[in-house]
1. What is the helix-to-structure angle for 133-146, meaning the angle in degrees between its Cα long axis and the longest Cα principal axis of the chain, kept from 0 to 90 and rounded to the nearest 10?
2. Restricting to the chain, compute how many DSSP beta bridges are antiparallel as a %, nearest 5.
3. Which of His49, His246, His82 has the fewest other C-beta atoms within 10 Å, and how do the rest follow up to the most?
4. Considering only C-alpha atoms, what is the centroid distance from the stretch 410-429 to the stretch 94-149, in Å?
5. Where in the stretch 90-133 are there trypsin sites (Lys or Arg not before Pro) that are in a DSSP coil and have at most 16 other Cβ atoms within 10 angstrom of their Cβ?
6. Can you bin the stretch 4-257 into rounded, prolate or oblate? Criterion: square roots of the alpha carbon gyration tensor eigenvalues sorted a ≥ b ≥ c, rounded for a/c under 1.5, prolate for a/b above b/c, oblate for the rest.
7. With each run of n ≥ 4 DSSP H residues scored as -39500 (n - 2.57), what mean residue ellipticity at 222 nm is computed for the chain after dividing by its residue count and rounding to the nearest 500 deg cm²/dmol?
8. Please name whichever of Leu376, Leu420, Gln386 sits farthest to the positive end of the charge dipole of the stretch 285-428, dipole taken about the Cα centre and charges placed at Cβ: Lys and Arg +1, Asp and Glu -1.
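Every number in this text was worked out from the coordinates using simple rules, so none of it is lab data. Owing to the predicted nature of the structure, the values given are computational and were not obtained by experimental measurement. Cβ sites come from the backbone with ideal geometry, for glycine too, and all protein chains shown count toward neighbours.
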Amino acid sequence: MMTSSRTFYNSLIGLLMLIAGWPGISPVHAQQSATVSSEDGTEITYRRHGGEGEVLFIWFPSEDGLQEAERRAARRLADSGHENWLVDLFESRFLPTTASSLDKIPASDVVALIEAADPGQKRVFLISSGRGALPVLRGLHAWQLQNPDNDHTPGVILISPQFYHETPDPGEAAQLRPIVRQSNASIFILQPAKSPWRWKLGQTVPALEESGSDVFFRLLPAARDRFYYRPDATEREQQWETGLVHLVRQAALALHHWPAISRRVNPLEEELKPLSSSKKERELKAYAGDPQPPSLRLSGLDDREYTLEDYRGDVVLVNFWASWCPPCVHEMPSMERLQNRLQDRPFTILAVNMAEDKPTIRDFLDNKVNVTFPILLDRDGKALKQWEVFAFPTSYVIDKQGSIRYALFGSVDWERPDILDKIEKLINE
């Protein structure tokens, strides 16, 4: 995913962080509100923290809006002399704070902020997370089109970015937003390890690189998506939240020291239709993909080897889960009840755990959810990739002939009458 030069360069980053400081840091810490005018005359308001140093961080909201943890990180950066702007594009546009609203934010809003930041005079870094990465990349792309001879392209720091149009139903092709393949920037991704998007880096990083982007990423062990503002944050996630300012600063240092090059972009292809504001219904649907399932051969928590072929003649529920996934935890008791209900029938559950170690899984089963169906260990995420899992949990129901018949992502009550009826019909075929 990285060229050898980048690998060599990254080996120097730790040393640079120890010996190199930011130039022109001012100890002044000021706070004030300011506005810039977008192309259509809309006033975009931002909150400014910090002094007049040569580095400027512009924080943009995710689909969940600006978070207090981001405000704290911005203030801490300002205390060390770095200027920060916090921009609430939802508020400026009078939009609800939702993922679908991000598609309604014009690129000109981001362009106006970059122009006001004057990247020719400062080293500018654009920061966002989740789906907030998309308007940031669109805005930067538009600014580059308007400034083709500018050699001071802002760096981009993205926290657990979501580059896909939406989470597809199992079996459906996932669509990357066109801006991903057409971006040309220096990008640093801070990626929580306990995230389905961690397993998509093999697709998303090469896609970002297609038009010339230099992409770096750092995995954050024991962190989930939204780790720095989760109400159920673990102690380790709270530590990552406390260190958010250091993560951002280290990412900025890496981009700051990467050699500057002239970056040009092509006009953006037509974007995909905007996201729907309504949520997908959790329903066990007919599988839309190739009914022939990928291979599944994994060792179990009991050290026995399991293969899907061993259960030909049974209806099999293959469930991809993790102990750190709240919806997975929520649905597992209903899966246990389903197995008990069908224990004398040709029915089996195979629960594939995502890359957790045995002590973690055993502790979870001993203290949180007690289940008796087999737990399979996908230690390196190979099965997850082969089955193209995009969300946790994801489940597939396979008929007695070995074909995938139904699937869904997200948690459900497996004793719902409509689900029981579908499974019973497969058992009786």
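1. Helix 133-146 sits roughly 40 degrees off the main axis of the chain.
2. 45
3. Ordered from fewest to most neighbouring Cβ atoms within 10 Å, His49, His246, His82 come out as His246, His49, His82.
4. 46
5. Filter output for the stretch 90-133: Lys104.
6. Cα axes put the stretch 4-257 in the rounded bin.
7. -9500 deg cm²/dmol
8. Result: Leu420.
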